[in-house]
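Since the structure comes first, as structure tokens, the remarks are kept for the end.
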């Protein structure tokens with residue numbers, strides 16, 4: 001079950017623009033059902049919010065990984081499974 005809060009992204013920009021897209025109708029209906037969106041527009045907005053939040057999570061994970069690697073922490077292979 002995916003429940004996405006759009007309050008942050010919706011509040012950040014209230015500008016709306018009319019766009020015309022040719023989308024796969026079955027894919028749109030499926031996304032609408034999975035995202036529990038009342039309208040197709042809401043489904044598209046939720047999907048965009050998911051893509052944006054996923055990108056942000058990935059960016060933060062990369063930054064955390066870089067900080068970890070730069071920290072010069074010593075890792076002990078207690079199970080002797082890592083190679084040199």
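Okay, here's what the table says:
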quantity	calculated
Cross-chain or 6+ apart pairs with Cβ under 7 Å, the stretch 43-72 first and touching a residue at least 24 places away in the same chain (Cβ under 8 Å), then surrounded by 10 or more Cβ atoms within 10 Å (Cβ to Cβ) and outside any loop (DSSP other than H, G, I, E, B)	49/9; 52/9
Filter pass, residue 37 being modelled with pLDDT of 95 or more, surrounded by 10 or more Cβ atoms within 10 Å (Cβ to Cβ) and not in a helix (DSSP H, G or I)	yes
Unique residue being surrounded by fewer than 10 Cβ atoms within 10 Å (Cβ to Cβ) and at pLDDT 95 or above when the list is 43, 12, 25	25
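The values are calculated or read from the model by the stated rules, or taken from the named source; none is laboratory data. On a predicted model such as this, the values are computed, not experimentally measured, just so you know. Virtual Cβ from ideal backbone geometry, glycine too; neighbours counted across all protein chains shown.
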